[in-house]
Structure formats: structure tokens, C-alpha cells
Amino acid sequence: MFFLVASTLVSAQNTSYWQQHVDYAMEVDMNVENFQYTGTQKLVYTNNSPNELIRVYYHLYFNAFQPGSEMDMRLNSIADPDGRMWVDGKSRISQLSESEIGYLHPTSLAQDGNPVNYSEEGTVLVVELAKPIPPGGKTTFQMEFKGQVPVQIRRSGRNNKDGVALSMSQWYPKLAEYDFEGWHADPYIAREFHGVWGDFDVKLTIDKNYTVGGTGYLQNPNEIGHGYEAPGTKVPKVKGKTLTWHFKAPMVHDFMWAADPEYVHDSLQMEDGPTLHFLYKDDPKFKDTWTKVQPLTEKAMRFFNKNIGEYPYEQYSVIQGGDGGMEYAMATLITGGDKEGSVIGTMIHELAHSWFQHVLGTNEAKHEWMDEGFTSFVSALCSNEIREQNKANPFENSYNGYYHLVKSGQEMPQAAHADRYVNNMAYGISAYSKGAVFLSQLGYVIGQEKLMETLRKYYEDFKFKHPVPNDIKRTAEKVSGMELDWYLTDWTQTTNTIDYSIKEVAADGAKTKVFLERIGLMPMPLDILIVYNDGAQETLYAPLRMMRGEKENPYPQLKRTVLEDWPWASQNYGFTIDKPLESIKAIMIDPSQLMADVNQENNVWRAETLETMPKD
Ligand SMILES: [Zn+2]
């Protein structure tokens, strides 16, 4: 596991890529009576950038859960507020009392022993450094902080509807990321996250009756017990009221924990793999589902290991958190759920995020489609296999979502910041559905095997980094030998749509002429299927000129003819079939339907339609 990290750093040095590094050591005291906590944080920050830094920023996410916060204001003004955050016609945040709000405030902050000036701007802490950090320099921040856990509104919080006491994500002062684009000190408005890679050492002191799960390997399991002790260990009786849990997490960009006095803790040791932990409320209504989810988590882990790349950590925990599902380093928080299928589906999706977010640390706020979309893609593939769904097109829902978004007229380019979409619908479909289609359609363009090879290479080349859109495109280019800039730019930076049609099919003596038209602005290569009256089939392939390459025959059982390249600017394109018109039953553009053509009606020509027309 650690040699992987080392090799990443070595290869990173061979290019212009750099990333910052953090080492957190935190000690936290949690009061389970009033849900307030205090902590100390020693943060060693390494500036691997080529720039001198005079300022740094921290995220103070819990400050979002206060009336009048930016998150509250956005909720109250968006047309389709998230139902989880909305009650009685108002944002739930606006209705929180003093004892129910969340907050996180530093009470002291020093840099290498010298006090620094800092100010809070909502969920962002702005720190003017006592002395600049030079390129390659290291500095140590020592902070004391106090916090209050909000009543659960979204993702984080206490006393959620499943009755889980503490879901602690985004709970600590978290240094903002600085990368080649500069600072990413986004206010917490709705969604999602970007963090600095590094190592965490966390000591959590909490009521001894609480079972804790989350990011990080427990360092003192035989002292703690709660199902973490080595089998057969006699866990010593605790004299005081609290226990101090000591966790370490290497190479992560986030640290989450959850705790409840009624958690059941099951674990499953995978052969040659991580230990899986399951923590859920001791309530008969959850027992069945949370028992069934365990072997499926192992199957899903194996599926992703095989198809994407080896999971690099020693453990993964599926924890009941009470609010949909959200991915974290080495863990997920998911709702207990009344429906077995939705708990299993959520587990698969959140586990897939271990690859597409927690190892490939994309900036989710800027490239939400790489995080949610790629996760949706691989989790659909995984579900199809391990739940034996046997769908011909496991991404059908994603395509339908995308077509719905196009029809709605509210589509925005995927390059939009996650917080800046016109409404939640436009964000959700763009990130999840159109993001999944990015990959499944890339499979249409370069071929399915090349797509899976692209994903494996992408994981290998960019694990423990912050890949950006160009990285997945360049990886696909290297694997396929094609040029794909047009695909990335049209699909993710514009709302151009794909619409090709079969305009006309005409007899030409003993041959047949087919005329195609490009109606949409987005270019694509075309697979064309010809079905003859005698049952024979063949395919034709019209490569896109600017792609400068050809995929392998996706239908090796059928004869394929590669036609001349189609130059994009030409709206019309024609070819000749060496068979008479009477012998042809149907012609179809893209029989796989993996090309997201917004008008499928004009993709098919059938001989029957011609028979009704007068013949000359
Ligand atoms: Zn997700």
C-alpha cells in the first residue's frame, strides 16, 4: 500500500504536476449531552507549489448550518429545493434554534509558534500568515477550536431521522486546496468537496458507550473493544466515562467519523483484501437489509478491484448515517432505508466513489460529472453484474435523464460550478446522468475494451492526485490512438447536441445510395447497420475526420466496411451499398444506442415506409 504512494510521488516529480501535502494531528473531546466539542489541531503543511504563499484558507463547514448562511439563502431562493432541507415552505436551516445550529470556530491559531491574524467569512477562514511559505517550504499551524454539531440537515449532523446520534463529516477546520488553478476556498453552499492529500492522526474522546466508525485505522482496538478487538481479546473495563479512540489514515483528503450508542458492528475480512465494517442501528427493521448488504459489499469491492484497479486501503466501512448516501475516505454514510434495493444500490454507488473521488481526487465542485458521472457509470456496470440484472444497456436511465434535460431547455454546460446551476434538476442530471453518458458514449467512440483499458490506466496514472477533465481525455487518446478534444469540449463545455439522420435511401441501378445528414452541432463517428430481407446483416463505419483514427469493429460477427472519413463541417454525407434497394429491409444509425442522439426517430429507415410511396 505504501509503496504505491511512493511511486506516485516519484512519477509526479518527473512531470510539472505538483500537489500540496498536509499532516493533521487532532485531539477532540466530544460532549454527547450538548453536542459541543473542542479540539486541538497541529497541521504540518508542505508547499509543493512553485509559488510563495502569504495567505491560507480553511473550510469551517458547520457554519453553513445557521440561519442566514449562504447555504440557507440559496435554499430559500432555488426553484426546486432539496426536500431533505425544506419543511413548512422554508429552509430547515432558517428554523434552527441556537442549540440546534452548527458552528466551528478557531479559538487560537499560530504559525510556527507565532500568532496569526485570521477572520471568518461564513464557512471560510481567511488566515494572513505571520511569515510567507516559500516554494518547497513547510510550516506548522497550531489551532484550538470549538464546534457544535447541527441537527442533521444534509450529510453531517446529529439526531437524524434514522436516530443516529452523530454523523461527523466536514467537522474539523479543513485546509483549502491550492493547486495549479490557485486557491479553492469555496464557500459551502450546497455541494461538494475538494481537499488536500495527506495523513491524519485523530484522537477522539467520547462517551464509552458510543461505537465509532469512519476513516482511519484504529490504533488501540484491544483497549477500545466495540467489535474492533482481536478475536478472543479480553477488553479491559473502562473506569471513567469516556474512551479515547485513536485513528490513523494515510493518504486521504478527508476524515469522517460517526458514532452511536446503539450501533451494531459487524465485520468481514476479505481474503487478500480489506476488512469491511458495517455499523447500523440495533433495530429489527434494519437487520435484514444490513445483513444482506455485507456479502454484496465484498462482491462489489472485487468487481471494482478487477475493473478499475486495486482498492489501496486496509479497510472500508458502511455506516448508517440517515441522509441518503455520501462518500468519504475509506467509508460511506448511508441511510438505513426501508427498501433493501435502495440500500444495496446506494452502497454500490458510494463504494464506487472510493475510486472516483477518494483515490482519484477530482475537484467535485468544478468537475461534478467526473465524480458523480463516472461513479454512476461504474456502479451501473457493477449492479448489472453482481445483482444479475442482465440489462442490455445498464445506462438506459442515464440516457433517458439526459434526453429529459435537453428537452427541459434548462441544460447548462457541465463545466458549470456545481453550486451555480439554475436548479437542482439541471445539476443532478448533468452531473450523474450526462456524466455517466460521457463514459458509456466514449465506449461507443473508442470501443468498449479501450474504454475499460482507459479507466484502468486513468486510475493507475492519477491515483492519489487531482485529475482534471483533460486527464481522462488524454488517457483515452493514449489508449485508443484517436484525437478526442472535440469529444471533451463539445460534451462538457457546451450544450451542443447530437442528431444524425438517414435523410434518403434511393435506388441506383443494382446499387443503393444512402444519404445521411448531421443536424446537431456535436460531431460523432457513425456505426450503421444494414439488415437485408434474407436476414443477412452488415455494418458500415463512418469515422469522424477530426478523430484521426478508427475503432475496432464492435460487431465482429458481422462484416464491417470502413467508409471515408466524415468531415464535421459537411452536413451531408453519402455512401453506396452494392445491393439493390429491394433487398434491403432496414438501415439504422448506431444499433447500440450508446450514442446520445437526441432524436432517434430519424436514425432508422425501414423498407415498409417506402412501399407506401409511389414508385417510378
Ligand atoms: Zn455520488
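The values are calculated or read from the model by the stated rules, or taken from the named source; none is laboratory data. All values derive from a computational prediction rather than experimental measurement. Using ideal geometry, Cβ is built from the backbone for each residue, glycine included, and neighbour counts are taken over all protein chains shown.
In region 137-165, what residues are surrounded by fewer than 19 Cβ atoms within 10 Å (Cβ to Cβ), at pLDDT below 95 and among the basic types (Lys, Arg)?
Of everything in region 137-165, just one residue is surrounded by fewer than 19 Cβ atoms within 10 Å (Cβ to Cβ), at pLDDT below 95 and among the basic types (Lys, Arg), namely Lys161.
Out of the residues in region 23-69 meeting the condition of being in contact with a helix residue (DSSP H, G or I) (Cβ under 8 Å, 6 or more places away or on another chain) and buried (at least 18 other Cβ atoms within 10 Å of the Cβ), tell me which one is nearest to Asn160 (Cα to Cα). Walk me through how you get there before you give the answer.
Of all residues in region 23-69, those in contact with a helix residue (DSSP H, G or I) (Cβ under 8 Å, 6 or more places away or on another chain) come to 64-69.
Now drop any that are not buried (at least 18 other Cβ atoms within 10 Å of the Cβ), which leaves 64-66, 69.
On the way: Ala64: 17, Phe65: 14, Gln66: 17, Ser69: 21 Å.
Out of the qualifying residues, it is Phe65.
Taking Ala331 as the residue in question, decide whether it is more than 12 Å from the ligand (Cβ to nearest atom) and either modelled with pLDDT of 95 or more or of a type in the set (S, T, N, Q) (or both). I'd like the intermediate steps shown before the answer.
Numbers: more than 12 Å from the ligand (Cβ to nearest atom): yes; either modelled with pLDDT of 95 or more or of a type in the set (S, T, N, Q) (or both): yes.
Here the answer is yes, as Ala331 does meet what is asked.
Which of the numbered conditions does Gly324 fail, given that it passes all the others? Conditions: (1) within 16 Å of the ligand (Cβ to nearest atom); (2) in contact with an Asp or Glu (Cβ under 9 Å, 6 or more places away or on another chain); (3) of a type outside the set (A, V, I, L, M, F, W, C).
(2) is the only condition that Gly324 fails.
With (1) free of Cβ contacts under 8 Å to residues at least 24 places away in the same chain; (2) more than 23 Å from the chain's Cα centre (by Cα); (3) crowded, with 21+ Cβ neighbours inside 10 Å as the list, and Thr475 as the residue in question, which single condition is left unmet?
Answer for Thr475: the failing condition is (2).
Report, ordered by the first and then the second residue, all pairs with beta carbons closer than 6 Å, sequence separation of six or more or different chains, a first member in region 283-297 that is touching a residue at least 60 places away in the same chain (Cβ under 8 Å), and a second member that is in a helix (DSSP H, G or I) and β-branched (Val, Ile, Thr).
Hits for this filter: Leu296/Ile344.
If you go through region 281-309 one residue at a time, how many are more than 17 Å from Ser354 (Cα to Cα) and either within 16 Å of the ligand (Cβ to nearest atom) or of a type in the set (Phe, Trp, Tyr) (or both)?
Matching residues across region 281-309 total 2.
Could you give every pair whose Cβ atoms fall below 6 Å, whose first residue belongs to region 364-384 and is touching a residue at least 24 places away in the same chain (Cβ under 8 Å) and over 23 Å from Tyr188 (Cα atoms), and whose second residue is within 9 Å of the ligand (Cβ to nearest atom) and part of a helix (DSSP H, G or I), counting only separations of at least 6 or pairs across chains?
Ser376/Tyr432; Val378/Ala352; Ser379/His349; Ser379/Ala352
Looking at (1) within 15 Å of the ligand (Cβ to nearest atom); (2) within 28 Å of Asp199 (Cα to Cα); (3) of a type outside the set (Lys, Arg); (4) surrounded by fewer than 24 Cβ atoms within 10 Å (Cβ to Cβ), which is the only condition Pro312 fails?
In the conditions (1) within 15 Å of the ligand (Cβ to nearest atom); (2) within 28 Å of Asp199 (Cα to Cα); (3) of a type outside the set (Lys, Arg); (4) surrounded by fewer than 24 Cβ atoms within 10 Å (Cβ to Cβ), Pro312 misses (1) alone.
Return the total of residues in region 81-136 being of a type in the set (D, E, K, R), modelled with pLDDT of 95 or more, part of a loop (DSSP other than H, G, I, E, B) and exposed (fewer than 13 other Cβ atoms within 10 Å of the Cβ).
1
Determine which single condition Phe255 fails, assuming it passes every other condition in (1) in a loop (DSSP other than H, G, I, E, B); (2) surrounded by fewer than 22 Cβ atoms within 10 Å (Cβ to Cβ).
Unmet condition: (2).
Which residue out of Leu484, Leu439, Leu455 is within 16 Å of the ligand (Cβ to nearest atom), in contact (Cβ under 8 Å) with a residue 40 or more places away in the chain and of a type in the set (A, V, I, L, M)?
The unique qualifying residue is Leu439.
Can you confirm whether Thr233 is more than 30 Å from Pro81 (Cβ to Cβ), assigned to a strand (DSSP E or B) and not hydrophobic (A, V, I, L, M, F, W, C)?
On the way: more than 30 Å from Pro81 (Cβ to Cβ): yes; assigned to a strand (DSSP E or B): no; not hydrophobic (A, V, I, L, M, F, W, C): yes.
For Thr233, the condition - more than 30 Å from Pro81 (Cβ to Cβ), assigned to a strand (DSSP E or B) and not hydrophobic (A, V, I, L, M, F, W, C) - is not met.
Is at least one residue of region 499-507 under 21 Å from the mean Cα position of the chain (by Cα), of a type outside the set (S, T, N, Q), closer than 20 Å to Pro543 by Cβ and at pLDDT 95 or above?
There is no residue in region 499-507 that is under 21 Å from the mean Cα position of the chain (by Cα), of a type outside the set (S, T, N, Q), closer than 20 Å to Pro543 by Cβ and at pLDDT 95 or above.
Step by step: first the residues of region 335-378, then only those that are among the charged types (D, E, K, R) and away from the ligand (no atom under 14 Å from the Cβ), then the one that is farthest from Leu439 (Cα to Cα). Which residue is that?
That would be Asp338.
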